[in-house]
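All remarks here apply to the structure that follows.
The values are calculated or read from the model by the stated rules, or taken from the named source; none is laboratory data. Note that the structure is predicted; figures quoted are calculated from it, not measured. When we count neighbours, we look across all protein chains shown, and the Cβ atoms used for this are built from the backbone with ideal geometry, even at glycine. All accessible areas refer to the heavy atoms of the entire protein, side chains included, with ligands and DNA or RNA removed. Shrake-Rupley method; radii C 1.70, N 1.55, O 1.52, S 1.80 Å.
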Amino acid sequence: SGARSKSGGISKESKHLFVQDHKEWHDLHPRLIQTLTSKFQLTQPTTVQSRTIQTMQDANKRNHNVLIHGETGSGKTLAYLLPILQQLGFASDAKPPSRKELGTKCIILCPTRELASQTLTVVEKLCQFNFAGWMVPGGLLGGDSRDSEKARVRKGLAIIVATPGRLLDHLQKTESLLLNLKGKLQWLVLDEADRLLDMGLGDQVKQIVQLIRANEASKSQPWWRSVLVSATVTPSVQALAKERMLCGDHEWVWVKGSIGKNDKQQSTTANMENGDNNENKKGSDDQ
């Protein structure tokens with residue numbers, strides 16, 4: 001608190017990001033919690049993490065999509081990763097499947113290679129200490145050759161972190177990726193959705209969704225669930241959430257990372273039309 005940044009500004013104290021109860025990891029598996037404390041040195045979740053974990057655990061039962069709204073630096077990556085890994089890795093006591101049998105269960109789209117690389121590092125760390133050898137993540141970021149990425153896809157990647165352009169290229173040219181996705185995908189995450197749209201990547205996202213859906217000719221509606229992660233909920237982000245090709249008939253749950261006294265933890269799609277007005281009224285509560 002009070003540290004001076006390189007730009008000469010004064011950094012803000014981070015206490016406002018955290019919940020007061022240090023035990024608000026909800027029903028996360030003990031191994032995940034142990035990884036957080038021993039490998040990430042985290043003793044308590046931020047507000048957006050606590051709220052998202054609880055909401056996504058409930059959403060699993062209701063088949064809802066999730067819109068996560070939290071300020072930069074509030075820990076949104078772990079917020080969605082932890083409940084997804086909980087559901088994929090600890091939902092059954094059965095013997096873990098092989099990499100090929102498991103297929104690709106989750107795709108995380110990031111607007112830049114830098115963010116995708118950072119996200120992949122977190123995913124790899126979580127999987128290494130909890131699901132080593134069978135739930136293997138990988139990146140389609142454009143840093144390696146296409147052939148190297150194809151080779152990893154053929155072996156089986158349970159979680160793919162990608163930039164839109166590179167993933168679109170593989171969906172069009174890598175048959176093994178379509179085979180690994182067919183009937184297997186459960187989660188589609190658009191991280192920093194506001195930046196994805198601001199950078200003009202919305203059309204690539206739509207093409208990706210169309211190709212994934214076309215790969216499942218027998219299913220007219222999305223069978224996966226979508227997660228939108230954003231620091232700002234702009235009209236374009238709200239419009240994306242209403243795209244039927246992205247969410248089908250699934251409802252949305254809106255998780256807010258703010259802790260203003262009048263703040264509501266979540267709202268459904270029915271209230272999203274009033275989202276901008278509500279945010280403007282709250283003003284500094286979400287800062």
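Name the residue that is nearest to A241 (Cα to Cα), counting only residues in the stretch 155-175 that are part of a helix (DSSP H, G or I) and open to solvent by less than 50 Å² (accessible area, probe 1.4 Å).
P164
Out of all the residues in the stretch 187-225, which are under 16 Å from L240 (Cβ atoms), of a type in the set (A, V, I, L, M) and open to solvent by 60 Å² or more (accessible area, probe 1.4 Å)?
Answer for the stretch 187-225, where residues must be under 16 Å from L240 (Cβ atoms), of a type in the set (A, V, I, L, M) and open to solvent by 60 Å² or more (accessible area, probe 1.4 Å): just M199.
Report yes if G133 is assigned to a loop (DSSP other than H, G, I, E, B), more than 15 Å from the chain's Cα centre (by Cα) and within 19 Å of I208 (Cβ to Cβ), otherwise no.
No, not satisfied.
Just the residues that are farther than 20 Å from L190 by Cβ, touching a residue at least 40 places away in the same chain (Cβ under 8 Å) and either open to solvent by less than 20 Å² (accessible area, probe 1.4 Å) or in contact with a strand residue (DSSP E or B) (Cβ under 8 Å, 6 or more places away or on another chain) (or both), please, taken from the stretch 115-148.
C127, N130, F131, M135
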